[in-house]
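Before any comments, here is the structure.
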Amino acid sequence: MGAIALKQVEKTYGHGAKANKVIHGVDVAIADGEFIVIVGPSGCGKSTLLRMVAGLEEITGGEIHIGGRVVNQLEPADRDIAMVFQNYALYPHMSVFDNMAYGLKIAKLAPAEIEQRVRKAAKILELEALLERKPRQLSGGQRQRVAMGRAIVRQPAAFLFDEPLSNLDAKLRAQTRLEIQKLHAELGVTSLFVTHDQVEAMTLAQRMIVMNGGRVEQIGTPEEVYGRP
Ligand code: ADP
Ligand code: ADP
């Protein structure tokens, strides 16, 4: 179960005279399996909110629930989430297989289980023929898929995407967007995706959270937010 609930979530950077409140009482309920896109102008708090869900940023007020558990005090590795970053650095000396398997080896999963998870992810991402290659022998799109593979093999309750497409060229961006849509159609994992790109938001979102000045301004389907054509 990958439902996510944000209850009166707040974030203040700094203390005393330097205190700067950047997230003001955000309340959102995300259903298991939903694809949610967070949009809004630069500096409105999208990344901070996502990083608090991931556990990469301390929450200074309210509660975050993932899969029914309050995760405020949990380390990122214990939150049952996987981040997909903008530039997910692959290990250059490791094969595609080992890049995907690495986190599972660290987590001490049984080799047979690791093998099964990596092969399943490789199948979904069409990387089966490339498992022995090194990152330098891959195209940009293939590397991006390996980065997604690393998140998939964790079998998390939720995927968190922090502007994963913003550094890609237009062609690769479109390709990766399709890949993410396919992934969601196939696995149905709850997804929180941050972007400042409206096209991305409209094509990917089941519902959008529109933020402004650290507050939720609007929540709804792309049609509800942008109006019907
Ligand atoms: P967005 O992702 O929407 O561009 P951010 O979440 O990055 O917005 O930033 C929200 C606000 O928090 C901005 O005013 C930003 O300057 C501030 N901020 C972000 N990170 C930090 C930090 N580590 N320390 C202090 N202020 C920060
Ligand atoms: P390292 O970064 O130390 O080389 P890993 O990437 O395997 O090794 O994992 C470091 C920690 O980060 C582990 O606790 C792992 O559970 C967590 N982790 C790894 N990948 C992700 C991810 N995509 N999203 C969230 N947490 C991750």
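The values are calculated or read from the model by the stated rules, or taken from the named source; none is laboratory data. Values in this document were obtained by computation on a predicted structure and should not be read as measured data. Every residue, glycine as well, gets a Cβ built from its backbone with ideal geometry; the counts of neighbours run over all protein chains shown. Side chains are part of the model used for accessible areas, which takes the heavy atoms of the whole protein and leaves out ligands, DNA and RNA. Shrake-Rupley method; radii C 1.70, N 1.55, O 1.52, S 1.80 Å.
Show the residue pairs meeting these rules: Cβ distance below 6 Å; 6+ apart or different chains; first residue within the range 106-117 and closer than 12 Å to R154 by Cβ; second residue open to solvent by 60 Å² or more (accessible area, probe 1.4 Å) and within 16 Å of ligand 2 (Cβ to nearest atom). Filtered contacts from the range 106-117: no entries. Summed over the range 161-214, residues that are hydrophobic (A, V, I, L, M, F, W, C) and either in a loop (DSSP other than H, G, I, E, B) or closer than 29 Å to N20 by Cα (or both) total 13. Only residues that are at pLDDT 95 or above, within 15 Å of ligand 2 (Cβ to nearest atom) and not in a helix (DSSP H, G or I) were counted across the range 109-125, and they come to 1. Scanning the range 59-103 for residues that are of a type in the set (G, A, S), open to solvent by 30 Å² or more (accessible area, probe 1.4 Å) and outside any loop (DSSP other than H, G, I, E, B) yields G62, A77, G103.
Of all residue pairs spaced 6 or more apart or on separate chains, those with beta-carbon atoms under 7 Å, a first member in the range 195-219 that is open to solvent by less than 50 Å² (accessible area, probe 1.4 Å) and a second member that is within 16 Å of ligand 2 (Cβ to nearest atom) are T195/E163; L204/I180; L204/F193. Within the option set M100, M83, M94, being more than 30 Å from A31 (Cβ to Cβ) and touching a residue at least 24 places away in the same chain (Cβ under 8 Å) holds for one residue only, M94. Filtered by the rule that a residue be more than 23 Å from H184 (Cβ to Cβ) and of a type outside the set (D, E, K, R), the range 115-137 gives A129, L131, P135, Q137.
Please find, within the range 143-160, the residue that is least open to solvent (accessible area, probe 1.4 Å) out of those that are in contact with an Asp or Glu (Cβ under 9 Å, 6 or more places away or on another chain) and in a helix (DSSP H, G or I). Only one residue tops the list, namely M148. Screening the candidates I106, I4 for the property of being under 17 Å from F193 (Cβ atoms) and of a type outside the set (D, E, K, R) yields one hit, I4. None of R154, R136 is basic (K, R), in contact (Cβ under 8 Å) with a residue 60 or more places away in the chain and closer than 24 Å to S166 by Cβ except R154.
Checking each residue in the range 1-25 for being away from ligand 2 (no atom under 16 Å from the Cβ), surrounded by 22 or more Cβ atoms within 10 Å (Cβ to Cβ) and among the hydrophobic types (A, V, I, L, M, F, W, C) picks out L6, V9, I23.
Is it the case, given these coordinates, that D27 is touching a Leu at 6+ places or on another chain (Cβ under 8 Å) and either more than 9 Å from ligand 1 (Cβ to nearest atom) or in a strand (DSSP E or B) (or both)? Taking the combined requirement at face value, the residue satisfies it. Would the range 135-142 turn up any residue that is open to solvent by less than 10 Å² (accessible area, probe 1.4 Å) and either of a type in the set (V, I, T) or part of a loop (DSSP other than H, G, I, E, B) (or both)? No, the range 135-142 has no match at all. Considering (1) assigned to a strand (DSSP E or B); (2) at pLDDT below 95, the lone condition that T12 does not fulfil carries the number (2).
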